[in-house]
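Below you'll find the structure, written out as structure tokens, and then a few comments.
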Amino acid sequence: MKKLLALLLALVMVFSLAACSGGNDAEEPSGNEGEEPSGNEGDGGETPSGETDENGLVSWKLGMMDPGAWNATSGPLYAQMEAACEALNVELYYVVAQENSAEGHIAAIQNMIGADCDGIILLNGPLVQGIVQQVADMCDEAGVYWSLSWTKIEEGDGNYEACMNSEYFVSTTYEDDVHSANWCTNLLGELGCTQLCEIGFAAGNATGDMRDQGVQQGLEEYSMELLAEERDQTLTSTSDGGKTIMDRFITSYPQMDGLVIAGMSQFVLSGVVSSLEENNLQDDIQVTCIDFHEYQTQYLESGVLDGIIGGHVVGTYYSLILMANLMNGTPLTEEKALIEDNFIELASYEDALIWDEYGNTGDIYTAEETLNMMQKVNPDFTYEDLLAVVDAYSLDDIVTRAEARA
Amino acid sequence: MSGKTSAPAAARTKSQDAISTAQKVKNIVFTNFPLICLIVIIAFLGIVTSGSLFSSYNVQTILNQMFLYVLGGFGCLFLFAQGGIDLSMAANIGMAAILGARVLEVSIPLGIAVTILTATAVGVIMGLIYAYAKIPVFIQGLGMNFLINGMLYPLCGGRATIPVSRTLTALQSSTTEIIITVVALAIVILAYNYTKFGRECRAIGAGEVAAVQSGINVKRVKTMAFIITGLTCGIVALLTLIRTGSASQTTGANFNFNVMLSMILGGAVMTGGTGVKVRNAIIGAATLIVLQTGLGLWGMNTRIQEIVKGVLFILMIVSTTKLESKIVK
């Protein structure tokens, strides 16, 4: 009993200490309007130390979610980020989300702040988990700059308000998801499909809704019918689930001649292909999908896959450029940036080979190109120049720049 | 009779006298091994992180992240003491949060009631199955887990996340968490250590046949333990909604495993009985979260962190179990 009481008292004391000392440490947010970041001197992160490298770039710490196992989307994305951080004198700090849930993401972001990160760049986790407001609150309280990727926010929705009202929000990058799904659906229409099934995100997030809009437009343009759709995350988050979904589609809709995978393809595509091959239907059912996949080249070569759109692996890089300029006291813009970047379309085996050679490398933008986007290194570089870089991103752009370097 | 000591009592006294001081020290160390491990881990990580672990933000973060696991541990305590476990907790929390969030869109008081009552209702069903169907407890937990998980998607109404009102999320604060934890701790200490029900739970864990023979209504006690677990799931679901501002199919993911891990790290014995104590929930949750936070702050590679945590967990659990058996009473 004595031990228990001692434990209880110790716990109450620690709680009380934490409650008394917490919450008021972060400085008044300074916003990102041109001055050196200054809100990180409390427990939420230190001011970039001021130690500069040979390019005059200040050292600072960037938090990101741990990429986990390599996949065709996150692999090149993180490789590019690691290369760029090295060039920009940025320490990249990974945190694991222990659970793929809102709680898990919140805990991971708390841990980034606790590790004194000066800035945080997140993918679409906050959007998917519905915690954009919570992220804004945590970062504002701690005085940590933050950006999102793969996240479209639009005026009128809660996420837009959360970002715009956050003093420390820097940017979000996103892609035209109506276009990506429309490209996939139209390709099926051009291949002569009339009866489609769809695998996609659970409704309710902006990305999924836009992709549905793109599919719908394609269905109307080519007078195709959507027979069925599957959005259950318990199925769409594994390869086995992909096979189960496809087996069900084949059994229930023998007239099906096309499948559009508008989301979760990195998980389901292998299962879908396995089901098609098992049922010997790879020539009868055409498949297109969004988000690159590690086996896309071989699937495109064998003909089991007819087109894939993805390559959206540089949005975080653009956010890093914005944040790095801000940390160095030379912000490219006074505004909170909402940047639309491009997809890469692979409609043939040859396209896939080009991507493998030039895009799937981790240095879509080299250290030299990265440094040239820093105003401290290249005072002539502007926000408009960055937008031009974003706009130019395509398979041709990647090849042209790589060949110029060679 | 008076002044005379009975033979068994005399033997017991003799046996107690025979415990040497060294053994007494050993007993103290063995009994408090999880707490000692926690202190060592905190000290070690405090040193290697140059004190960063003890910054007010990180202390607050650790307490914040421990909070729900401690509550979950308190709720499971009565079931754990019986040697039982509820593998459907995560799914139960998810369902309660989803249903609650949908009703919260209409009415906050009604939404709160639905969240708590839904999870409690699952607890009642689980308790009745546990008490009367006589199937292994982990099988029924897995079954209920599958059943509820299958329902989560339709219950979401096809939505990825269901946001809850800012009025509710504004309730989140360290102070609220402290108050809830202290109140829950007081209730659990009283109920577990000083009531007939608490003793009965431990008695069932020590030996169900003996418990039946000593007149304990085992079915009632088993059902009650599951109802308490269900009620806890409801409270955790509500607090999760307040913390995250939304519900989804992943709400509560892995909660049962983390609570189970916390209890075992805290020194709880999986077979139940007197080896399950209130402090297990606190020490275990603290160990789990301090390790997660501290290894990251130390700058350890995230892949290696997982390996280190796994090795430490196994070592701690094996050591606790071995040392428990060496305690001389």
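Among the residues of region B:101-115, some residue qualifies, meaning at least one is crowded, with 19+ Cβ neighbours inside 10 Å, within 14 Å of chain A (Cβ to nearest Cβ) and closer than 23 Å to residue B:258 by Cβ. Among the residues here, residue A:143 does not qualify as of a type in the set (Gly, Ala, Ser), modelled with pLDDT under 95 and buried (at least 22 other Cβ atoms within 10 Å of the Cβ). Which of the residues belonging to region A:200-226 are more than 14 Å from every other protein chain (Cβ to nearest Cβ) and touching a residue at least 12 places away in the same chain (Cβ under 8 Å)? Matches in region A:200-226: A:213, A:214, A:215, A:217, A:218, A:219, A:221, A:222, A:223, A:224, A:225, A:226. Scanning region A:257-299 for residues that are among the polar types (S, T, N, Q) and under 15 Å from residue A:230 (Cα atoms) gives a single hit, A:265. A single member of A:341, A:397 is touching a Gly at 6+ places or on another chain (Cβ under 6 Å), over 19 Å from residue A:90 (Cβ atoms) and surrounded by 15 or more Cβ atoms within 10 Å (Cβ to Cβ), and it is A:341.
Does residue B:240 satisfy the criteria of being within 14 Å of chain A (Cβ to nearest Cβ) and closer than 19 Å to residue B:96 by Cα? Taking the combined requirement at face value, the residue satisfies it. The selection criterion, being closer than 26 Å to residue A:188 by Cα, touching a residue at least 40 places away in the same chain (Cβ under 8 Å) and over 22 Å from the mean Cα position of the chain (by Cα), holds for residue A:353. Please enumerate the residues belonging to region A:260-275 that are surrounded by fewer than 24 Cβ atoms within 10 Å (Cβ to Cβ) and either out of contact with any Ser or Thr (no Cβ under 7 Å at 6 or more places or on another chain) or without any contact (Cβ under 8 Å) to a residue 40 or more places away in the chain (or both). Of everything in region A:260-275, those that are surrounded by fewer than 24 Cβ atoms within 10 Å (Cβ to Cβ) and either out of contact with any Ser or Thr (no Cβ under 7 Å at 6 or more places or on another chain) or without any contact (Cβ under 8 Å) to a residue 40 or more places away in the chain (or both) turn out to be A:267, A:270, A:271, A:273, A:274, A:275. Right, residue A:184: assigned by TED's automatic domain parsing to the domain that holds residue A:129 and in a helix (DSSP H, G or I) or not? Against the criterion (assigned by TED's automatic domain parsing to the domain that holds residue A:129 and in a helix (DSSP H, G or I)), residue A:184 does not qualify.
Within the set B:225, B:211, B:253, the sole residue that is surrounded by 20 or more Cβ atoms within 10 Å (Cβ to Cβ), closer than 17 Å to residue B:74 by Cα and either of a type in the set (A, V, I, L, M, F, W, C) or more than 17 Å from the chain's Cα centre (by Cα) (or both) turns out to be B:225. None of A:141, A:167, A:155 is free of Cβ contacts under 8 Å to residues at least 60 places away in the same chain and more than 18 Å from the chain's Cα centre (by Cα) except A:155. Residue B:137 meets all of the listed conditions (1) surrounded by fewer than 14 Cβ atoms within 10 Å (Cβ to Cβ); (2) under 20 Å from the mean Cα position of the chain (by Cα); (3) not small (Gly, Ala, Ser) but one, namely (1).
One line per residue, one yes/no per condition, for (1) under 21 Å from the mean Cα position of the chain (by Cα); (2) outside any helix (DSSP H, G or I):
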{"residue": "A:266", "(1), (2)": "yes, no"}
{"residue": "A:269", "(1), (2)": "yes, no"}
{"residue": "A:274", "(1), (2)": "no, no"}
{"residue": "A:281", "(1), (2)": "no, yes"}
{"residue": "A:284", "(1), (2)": "no, yes"}
{"residue": "A:292", "(1), (2)": "yes, yes"}
{"residue": "A:305", "(1), (2)": "no, yes"}
{"residue": "A:313", "(1), (2)": "yes, yes"}
{"residue": "A:316", "(1), (2)": "yes, no"}
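When residue A:123 is tested against (1) in the same structural domain as residue A:97 (by TED's automatic domain parsing); (2) surrounded by fewer than 24 Cβ atoms within 10 Å (Cβ to Cβ); (3) over 13 Å from the mean Cα position of the chain (by Cα), only condition (3) is not met. Pairs linking a residue in region B:164-188 that is within 11 Å of chain A (Cβ to nearest Cβ) to a residue that is charged (D, E, K, R) and surrounded by 18 or more Cβ atoms within 10 Å (Cβ to Cβ), with Cβ atoms under 7 Å and 6 or more positions apart or on different chains, are B:172/B:243. If you go through region A:224-251 and keep only what is farther than 24 Å from residue A:280 by Cβ, in contact with a Leu (Cβ under 6 Å, 6 or more places away or on another chain) and in a loop (DSSP other than H, G, I, E, B), you end up with nothing. Condition first: aliphatic (A, V, I, L, M) and out of contact with any strand residue (DSSP E or B) (no Cβ under 8 Å at 6 or more places or on another chain). Can you find one or more residues in region A:243-255 that meet it? Yes: one or more hits.
Being among the aromatic types (Phe, Trp, Tyr), within 14 Å of residue A:88 (Cβ to Cβ) and assigned to a loop (DSSP other than H, G, I, E, B) is a description that applies to residue A:381. Residue under question is residue A:388, and the condition is that it be in a helix (DSSP H, G or I), out of contact with any helix residue (DSSP H, G or I) (no Cβ under 8 Å at 6 or more places or on another chain) and small (Gly, Ala, Ser); does it hold? Against the criterion (in a helix (DSSP H, G or I), out of contact with any helix residue (DSSP H, G or I) (no Cβ under 8 Å at 6 or more places or on another chain) and small (Gly, Ala, Ser)), residue A:388 qualifies.
Condition check ((1) modelled with pLDDT of 95 or more; (2) within 30 Å of residue A:208 (Cα to Cα)) across all residues:
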residue: B:160; (1), (2): no, yes
residue: B:176; (1), (2): no, no
residue: B:179; (1), (2): no, no
residue: B:186; (1), (2): yes, no
residue: B:209; (1), (2): no, no
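Looking across region A:354-369, the residues that are assigned to a helix (DSSP H, G or I), more than 13 Å from residue A:405 (Cβ to Cβ) and of a type outside the set (Asp, Glu) come down to A:354, A:355, A:359.
Against the conditions (1) out of contact with any Ser or Thr (no Cβ under 6 Å at 6 or more places or on another chain); (2) at pLDDT 95 or above, where does residue B:237 fall short? Just the number, please. Residue B:237 satisfies all of (1) out of contact with any Ser or Thr (no Cβ under 6 Å at 6 or more places or on another chain); (2) at pLDDT 95 or above except (1). So residue A:56 passes all but one of these: (1) assigned to a helix (DSSP H, G or I); (2) more than 14 Å from chain B (Cβ to nearest Cβ). Which condition number does it fail? Going through the list (1) assigned to a helix (DSSP H, G or I); (2) more than 14 Å from chain B (Cβ to nearest Cβ), residue A:56 breaks only (1).
None of B:151, B:144 is without any contact (Cβ under 8 Å) to a residue 60 or more places away in the chain and crowded, with 19+ Cβ neighbours inside 10 Å except B:144. Considering only residues in region A:127-146 that are touching a Ser or Thr at 6+ places or on another chain (Cβ under 6 Å) and part of a helix (DSSP H, G or I), the one that is farthest from the other protein chains (Cβ to nearest Cβ) turns out to be A:140. Inspect region A:114-126 for any residue being touching a residue at least 60 places away in the same chain (Cβ under 8 Å) and part of a strand (DSSP E or B) and give the result as yes or no. Yes, the conditions are met somewhere in region A:114-126. Every condition in (1) within 14 Å of another protein chain (Cβ to nearest Cβ); (2) under 14 Å from residue B:259 (Cα atoms) holds for residue B:55 except the one numbered (2). The set of residues from region B:228-237 being within 14 Å of chain A (Cβ to nearest Cβ) and more than 13 Å from the chain's Cα centre (by Cα) comprises just one member, B:237.
The values are calculated or read from the model by the stated rules, or taken from the named source; none is laboratory data. These numbers were taken from a predicted model, which means no experiment stands behind them. Don't worry about glycine lacking a Cβ; one is built from the backbone with ideal geometry, like all the others, and counts go over all protein chains shown.
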